[in-house]
Every structure is written in structure tokens, then in C-alpha cells.
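*Asks:* Please find one structure pasted underneath; my questions will follow.
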Amino acid sequence: MTRLHVLSAATRPTSSGRPLARWVAEQARARGGFEVTPVDLAEIALPFLDEPEYASSGVYAHQHTRDWSALVDAADAFLFVMPMYNGGFTAPFKNAIDFLYREWQGKPVGIVSYSGGATGGAPAAEMLLPVLTRVGMRPAGRSVAVPGIAGLVGPEGFEAPAGLADELAGVLDDVARLAAGRAAEAVTV
């Protein structure tokens, strides 16, 4: 079974992304084939990059980096649930990526972006893709953009609009296919 980490990339305490990330994790569990672990970047609470060595060295001086490394290393694949602010992805999210290098290598990743506006965070997701490929991740061919997030979160959590579950299923299929390919490559090596 593919170990999938669903990472909520928001760090604001009142983020609408957390209910969305919970819904995404539930959908991934219901699909089957994934052992789902929710990860909240706000709870991880990484400081700004403070390691004396380059991430590619894998030499970590700080316990928070070793803990983050172990968490990322434990995953076979990721779904990033990410907000868009001012047309881009957030500094804490980029910082979390920059802390590590080897741990991201070859891992499939799907993106679920969201925003308060009409784009659903798609520009931020597009901006993130070169960063993910630079650290060696394998982005899914499809992504999901959720516009008007504030209107979709209520007392019962995230209320998915029609068709969103099907869009997410496509991303999950892509991630599962990439993960299966990665597992097959590991067996033949």
C-alpha cells in the first residue's frame, strides 16, 4: 500500500485549507490503495532554514530538521493542499521544501490549490511545479484548483462542490500510477 502524506501547507491559524485537507485525506482513504497520513505544516512549525550545511548533504544539525526529514522520508507520495496568497505559494511552504533534498527525490506529488478568488490558486500551483521538479519530485499530470474557499467551509467542515470529488479522483489516480511506477523501478534496481 502506498504511504500517502496529505500535507496542509497553510500556516495561518484560521486557514480554510485545514478542512479542505481533511476532506482530501478522507477521499484518499475512501479510494483505497493508500495509507493516508495527514500532515499540518503549522503543527510542524519549522523555523526559517537554519541548517549550516546544504540540504543535499543530508547532514542535519537540528532536531526539528531530523524530525521533518523522518516524516518526509516515511512517505511514498504526497498530496499538497496549498493556499495562494498574492498570486503565489507561501514562504513557509517553500521553506519546508528547502529544508530537505534527498527525501523528496522521485516521490510522486499531487497538488490541490485553493484561494478566495476565481483562480482557485492555480497560478500558485503552476509556480510551484518548477520547484518540485528541481528537488526531484514527480508531479501528477492533473491538479485540482478550488476557487471561493471561504464559501465552501462551514460548521460541518469542507463542503465539496459538484464534480470536485471526480477531479480529485483523477489526481489520486495519477499519484497512484506514479507511485506504482516508482515501486517497480525500485524492484528492478
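The values are calculated or read from the model by the stated rules, or taken from the named source; none is laboratory data. All of these numbers come straight from a predicted model, not from anything done at the bench. Here Cβ is always computed from backbone atoms with ideal geometry, including for glycine, and neighbour counts include all displayed protein chains. With ligands, DNA and RNA removed, areas are computed over all heavy atoms of the protein, side chains included. Shrake-Rupley method; radii C 1.70, N 1.55, O 1.52, S 1.80 Å.
*Asks:* Pairs of alpha-carbon atoms within less than 8 angstrom and 6+ residues apart define the contacts here; what relative contact order does segment 123-189 have, in percent?
*Replies:* Rounded, it is 33 percent for segment 123-189.
*Asks:* For every helix of n ≥ 4 consecutive DSSP H residues, a contribution of -39,500 (n - 2.57) applies; sum these over the chain, divide by its total residues, and give [θ] at 222 nm rounded to the nearest 500 deg cm²/dmol. Walk me through the intermediate numbers first.
*Replies:* Numbers: 6 runs with 76 residues, N = 189.
Rounded to the nearest 500, the figure is -12500 deg cm²/dmol.
*Asks:* Here's something else I'd like to know. Looking at the calculated P(r) for segment 61-184, what percent of the C-alpha pair distances fall above 26 Å?
*Replies:* Value for segment 61-184: 25 percent of Cα pairs lie more than 26 Å apart.
*Asks:* Here's something else I'd like to know. Of all beta bridges DSSP finds with both residues in the chain, what is the antiparallel percent, to the nearest 5?
*Replies:* 10 percent
*Asks:* For SER115, which sequence-distant residues (separation of 5 or more, or a different chain) have an amide H within less than 5 Å of its own amide H, given hydrogens modelled in the peptide plane?
*Replies:* Excluding prolines and chain starts, which carry no amide H, the hits are GLY120, GLY121, VAL146, GLY148, ILE149.
*Asks:* Keeping all protein chains in place, calculate the accessible area per residue for segment 83-163 (probe 1.4 angstrom), answer in Å².
*Replies:* Heavy-atom SASA per residue in segment 83-163 reads 44 Å².
*Asks:* When the convex hull of the Cα atoms of segment 86-154 is projected onto a plane and the area is averaged over all directions, what value comes out in nm²?
*Replies:* Details: hull surface 20.1 nm².
So the Cα hull casts an average projection of 5.0 nm².
*Asks:* Can you give the Rg and Dmax of segment 8-109 based on its C-alpha atoms, in angstrom?
*Replies:* Considering segment 8-109 through its Cα atoms, Rg and Dmax are 14.1, 42 Å.
*Asks:* So how do 71-83, 96-108 stack up, highest first, on mean other-Cβ count within 10 Å?
*Replies:* The most tightly packed comes first, giving 71-83, 96-108.
*Asks:* Within the accessible area of segment 109-189, what % is carbon and sulfur when the probe is 1.4 Å and the other protein chains stay in place?
*Replies:* Carbon plus sulfur share of accessible area: 59 percent.
*Asks:* Would you mind calculating the relative contact order of segment 20-175 from Cα pairs under 8 angstrom and at least 6 residues apart, reporting the percent as a whole number?
*Replies:* Working: 230 pairs, mean separation 34.5, N = 156.
Averaging sequence separation for qualifying contacts and normalising by length gives 22 percent for segment 20-175.
*Asks:* Compare the peptides 109-116, 173-180 by average per-residue count of other Cβ atoms within 10 angstrom and give them in order, highest first.
*Replies:* Details: 109-116: 26.0, 173-180: 19.6.
Sorting 109-116, 173-180 by mean packing, highest first, produces 109-116, 173-180.
*Asks:* Continuing with this model, one more query. Place the peptides 121-127, 43-49 in order of packing, highest mean first, counting for every residue the other Cβ atoms within 10 Å and averaging per peptide.
*Replies:* Sorting 121-127, 43-49 by mean packing, highest first, produces 121-127, 43-49.
*Asks:* Skipping prolines and chain starts, which residues have an amide H placed within reach, meaning under 5 Å, of the one on VAL109, given they are 5 or more residues away or on another chain?
*Replies:* So VAL109 has HN proximity to PHE78, ARG138, ALA140.
*Asks:* What is the local net charge at ASP76, summed over the other residues whose Cβ is closer than 9 Å to its Cβ (Lys, Arg +1; Asp, Glu -1)?
*Replies:* +2
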